[in-house]
Amino acid sequence: MSALELDRRQLLAAGGVALISGLIGLPRDLAAQSKAFFASAVRLADKSFAVQLLDEAGIPLASYPLEDRGHDVAVSPKGDLVVAFARRPGRFMLAIPTNGSEPNLIWAREDRHYFGHGAFSIDGQLLYAAENAFTDKDDITHGVIGIYDVQAGFKRIGEHFSHGVGPHEILLMGDGKTLAVANGGIMTHPDYRRVKLNLDDMKPNLSFVDITSGDLLDQMELPADLHQLSIRHMSIDKDQRVWFGCQHQGELTEEVPLIGSYKRDGEVRMSEIPEDLFYSLRNYVGSVMCNGEGSLVATSCPRGGKVLYWDVERGTYLGETALRDGCGIAAWGKGFVMSNGIGDFGRVGLPAESAFEVSHHQSGLAFDNHMIAL
């Protein structure tokens, strides 16, 4: 398969691009008239799933139903379009205009599913989605980056190799020409839902992929003794260093570095977690986010009920904020806004170790793992 394989299907196997009606219990013109600042996938009080557009206080302006549980949301460069991705092994994306127009429901082709993440090109004309390529003949799968034409109604026009297994978060680097891809190294197949098939021989990596050709420009692989440290989520600091958070697939008693950073053609730098904190994190990092200046990194650890902060220059620990079941983080000036699994939305300013201040609570609602600033 070439780096860019044109997909000539006129309609996607599971129904193509469909229009659905959107707002749940909220007036449609509110989304158009009010300024949305953030977006997040959520589970509603009735156990259904949606993606919400929120104002700066976390008050929902619009809520769009999802086919199943969502994961992350990508925003176009102009902020006029957000795309919510299905959680693995889901097969849908929902593209939502922020002006209140009808959203588009896009289904994956029959031999692909999504990994919950994606990124727009610098001009907003293309969307790149982390996908799993699989067949019904065997359990072997590999990662691809699906390419979608936004102006053509998100028609799938090709794909690149992800240069690994289990691609998760995708970020566009500052040059506008390179995609950073977190290949988590975990092989899955939709026949087995979320079962992990290759824990004994995982090979996670961070790959830098030419956005046009799909060529591999650089790749960082973790040492062999850390092969079960699945690289999942990332953020880019002011110096174009990619910070990544990991989820260890080995024993909880193993002490492994969960947070690291890497700059292209350089050396990986793993950050040291204070010993008195380590075991409480349960070897799991959720979201990774740099603040608006790219000078401070926040990493959420929902299983430990903490958000940890890191100095981008030295890679050192700065402090923590207690946040029960907190995972979603979005940049907000020098600080952050955060969300959790019990319906809280709020802010954390500077310095690190500031308290989480709830600005809005939605009873019975659970924010999903990621939040994005529009």
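The values are calculated or read from the model by the stated rules, or taken from the named source; none is laboratory data. Keep in mind that what you see is a predicted model, and the values were worked out from it rather than measured. Note that we place each Cβ from the backbone using ideal geometry, even for glycine, and neighbour counts take in every protein chain shown.
Any idea which of SER339, SER235 is among the polar types (S, T, N, Q), buried (at least 20 other Cβ atoms within 10 Å of the Cβ) and under 25 Å from LEU216 (Cβ atoms)? Spell out how you get there, then give the answer.
Values: SER339 fails: under 25 Å from LEU216 (Cβ atoms).
The match here is SER235.
When GLU110 is tested against (1) touching a Ser or Thr at 6+ places or on another chain (Cβ under 9 Å); (2) farther than 21 Å from ALA41 by Cα; (3) at pLDDT below 95, only condition (1) is not met.
Given the criteria surrounded by 14 or more Cβ atoms within 10 Å (Cβ to Cβ) and out of contact with any helix residue (DSSP H, G or I) (no Cβ under 7 Å at 6 or more places or on another chain), does PRO204 qualify?
On the way: surrounded by 14 or more Cβ atoms within 10 Å (Cβ to Cβ): yes; out of contact with any helix residue (DSSP H, G or I) (no Cβ under 7 Å at 6 or more places or on another chain): yes.
So PRO204 passes the test.
So which residues in the range 210-227 are surrounded by 15 or more Cβ atoms within 10 Å (Cβ to Cβ), out of contact with any strand residue (DSSP E or B) (no Cβ under 6 Å at 6 or more places or on another chain) and assigned to a loop (DSSP other than H, G, I, E, B)? The one that is surrounded by 15 or more Cβ atoms within 10 Å (Cβ to Cβ), out of contact with any strand residue (DSSP E or B) (no Cβ under 6 Å at 6 or more places or on another chain) and assigned to a loop (DSSP other than H, G, I, E, B): HIS227. Within the range 265-303, if we keep just the residues that are among the basic types (Lys, Arg) and at pLDDT 95 or above, the residue that is surrounded by the fewest Cβ atoms within 10 Å (Cβ to Cβ) turns out to be ARG269. Taken over the range 50-70, the criterion of being out of contact with any Lys or Arg (no Cβ under 6 Å at 6 or more places or on another chain) and either farther than 19 Å from PHE336 by Cβ or basic (Lys, Arg) (or both) is satisfied by ALA50, VAL51, PRO60, LEU61, ALA62, SER63, TYR64, PRO65, LEU66, GLU67, ASP68, GLY70. Residue check: is SER213 at pLDDT 90 or above, over 16 Å from the mean Cα position of the chain (by Cα) and small (Gly, Ala, Ser)? It is true that SER213 is at pLDDT 90 or above, over 16 Å from the mean Cα position of the chain (by Cα) and small (Gly, Ala, Ser). Applying the condition of being of a type in the set (Val, Ile, Thr) and within 12 Å of ASP368 (Cα to Cα) to the range 49-75 and asking which residue is surrounded by the fewest Cβ atoms within 10 Å (Cβ to Cβ) yields VAL51. Restricting attention to the range 269-310, the residues being without any contact (Cβ under 8 Å) to a residue 60 or more places away in the chain, at negative phi and not in a strand (DSSP E or B) number 17. Across the range 235-246, the number of residues qualifying as under 14 Å from VAL268 (Cα atoms) and out of contact with any Cys (no Cβ under 8 Å at 6 or more places or on another chain) comes to 6.
If we scan the range 314-329, do we find a residue that is aromatic (Phe, Trp, Tyr), buried (at least 20 other Cβ atoms within 10 Å of the Cβ) and in a strand (DSSP E or B)?
In the first step, residues of the range 314-329 are kept if they are aromatic (Phe, Trp, Tyr); the result is 317.
Checking the rest, the ones that are also buried (at least 20 other Cβ atoms within 10 Å of the Cβ) come to none.
No, the range 314-329 has no match at all.
Criterion first (surrounded by fewer than 23 Cβ atoms within 10 Å (Cβ to Cβ), touching a strand residue (DSSP E or B) at 6+ places or on another chain (Cβ under 8 Å) and small (Gly, Ala, Ser)) does GLY364 satisfy it? Spelling it out, it is not the case that GLY364 is surrounded by fewer than 23 Cβ atoms within 10 Å (Cβ to Cβ), touching a strand residue (DSSP E or B) at 6+ places or on another chain (Cβ under 8 Å) and small (Gly, Ala, Ser). Within the range 77-100, how many residues turn out to be closer than 18 Å to ASP149 by Cβ, surrounded by fewer than 21 Cβ atoms within 10 Å (Cβ to Cβ) and in contact with a Ser or Thr (Cβ under 9 Å, 6 or more places away or on another chain)? So the answer is 2. A residue that is modelled with pLDDT of 95 or more, out of contact with any Ser or Thr (no Cβ under 9 Å at 6 or more places or on another chain) and surrounded by 21 or more Cβ atoms within 10 Å (Cβ to Cβ) can be found somewhere in the range 24-41.
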